[in-house]
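A short worksheet on the structure shown next.
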Amino acid sequence: MSTDEISTPDYLYHYTSIEALSLILKTKKIKLKRLDKVNDPTEELSRDGKYGKYLFVTCWTSQSSEMLPFWYMYGNNSRGIRIGLPINFIKSYKVREQFPETGGSVSYGNLFDSILPEEKLFTSDHLVANYNAMSNKFFPMEYTDDLKLLTPPILNQNDDGGLTVALGALGRHKPTIWSIEQEWRFKLIIYPLGIKQIDPMNTLPMRRALEEEKELVFEEYFLEISDEAYSKMEVRLGPLCAESDEIMVEALIQKI
């Protein structure tokens, strides 16, 4: 089944530990992990090398019925919890368009919806490329055994000789063995470049940073849950949770 044939669910679900739940409830944030740290280590592979450390993802399932394998794989051996949230629960901010200019300056345009507050759009050490809330949303994973899709080209050259960087091609496909997960994913592309290193007319700095395997200064990234979605959060206990686990979760929810 192609992604075009998949209907958009009302809710997405995430299996995790009680400890992780406590942080989510306290901070109203969801953690995104590097693509090279997910359950399938081959996901970071491309035709041109390994670039998973520049993509950050949070992985959910559209499977509304509980799945025993998920509890054991992701739900702390069935003593964790399952979170349910309305799809596209990431908080958005009204910010002004920012256009990095040669030399590190920024010009501003119209207001638009961003998944990041204005102060985080351009920093001294990294750039989140896909910050537009209208275009960057949860998407269903596509399952295939086509190696061309599983290891896509990242560093390309246009017909006119220009260089392009296509990190967005990573993190969209998994082998069919994973299809039981019915995974939906939110993805950030983060370049290890500060505002003074960005040139909108030249992709060479981005390409060079990838070829040199330049490191980001962090391995996790956090995005805020919208207040509306947070108020509609569902929490279900794992099948092997003890009474003490239930008391702990109830206390966390009541406290927050």
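Taken together, the values in this text are just the output of simple stated rules run on the coordinates, not laboratory data. As the structure is a computational prediction, the values presented were derived from the model and not from experiment. Positions of Cβ are backbone-derived with ideal geometry, glycine not excepted, and every protein chain shown enters the neighbour counts.
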field: the range 111-151 - Rg and Dmax from Cα coordinates, angstrom
entry: 15.0, 42
field: Dipole in debye (nearest 20) - the range 141-187, about Cα centre, beta carbon charges: Lys, Arg +1; Asp, Glu -1
entry: 180 debye
query: So which DSSP H runs in the chain come out at 15 Å plus along the axis (Cα) with average Kyte-Doolittle of at least -0.5?
result: 243-255
In sequence order, calculated HN-Hα J values of the range 187-195 (Karplus, 6.51, -1.76, 1.60; Hz; x Gly/Pro): 9, 10, 9, 10, 8, x, 10, x, 4
statement: log10 I(q)/I(0) for the range 1-48, Debye formula on C-alpha points only (no solvent), q = 0.22 Å⁻¹, two decimals, reads -1.00
- request: List every residue whose amide H lies under 5 Å from the amide H of residue 50, counting only residues 5 or more places away in sequence or on a different chain, with H placed 1.01 Å from N in the peptide plane.
  value: none
message: Rounded, prolate or oblate, given the Cα gyration tensor of the range 202-250, with a/c below 1.5 counting as rounded?
response: prolate
message: Please list, in order along the range 61-70, the HN-Hα scalar couplings obtained from phi with the Karplus expression 6.51 cos²θ - 1.76 cosθ + 1.60 (θ = phi - 60°), rounded to whole Hz, x for Gly and Pro.
response: 10, 8, 6, 6, 7, 5, 10, 4, x, 5
message: Through the Karplus equation 6.51 cos²θ - 1.76 cosθ + 1.60, θ set to phi - 60°, convert the phi angles of the range 215-227 into ³J(HN,Hα) values in whole Hz; use x for Gly and Pro.
response: 8, 7, 8, 9, 10, 9, 9, 10, 10, 7, 8, 5, 4
task: Please build a GNM for the chain, connecting alpha carbons under 10 Å apart, and tell me which residue among 131, 143, 93 fluctuates the most.
output: 93
message: Taking amide H atoms as placed 1.01 Å from N in the peptide plane, list the residues 5 or more away in sequence, or in a different chain, whose amide H sits under 5 Å from that of residue 11.
response: 87
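Given DSSP loops and a limit of at most 15 other Cβ atoms within 10 Å, what is the longest stretch of the chain that contains no such GluC sites (Glu not before Pro)?
102-211
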message: Please compute the contact order of the chain in relative form: average sequence separation of alpha-carbon pairs under 8 Å and at least six residues apart, divided by the residue count, as a percent.
response: 30 percent
- request: Can you tell me the dipole magnitude for the range 118-217 around its Cα centre, using point charges on the Cβ only (Lys, Arg +1; Asp, Glu -1), in Debye to the nearest 20?
  value: 160 debye
field: For residue 144, distant residues with modelled amide H under 5 Å away
entry: 174, 176
- request: For the chain, set up a Gaussian network in which alpha carbons nearer than 10 Å are linked by springs, and say which option among 75, 194, 52 fluctuates the most.
  value: 194
message: With the alpha-carbon atoms as the only input, what is the per residue convex hull volume for the chain in Å³?
response: 142 Å³
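Run lengths n ≥ 4 of DSSP H only: what is the helix-derived mean residue ellipticity at 222 nm for the chain, with -39500 (n - 2.57) per run over all residues, to the nearest 500?
Numbers: 6 runs with 47 residues, N = 256.
Using -39500 (n - 2.57) per qualifying helix, the result is -5000 deg cm²/dmol.
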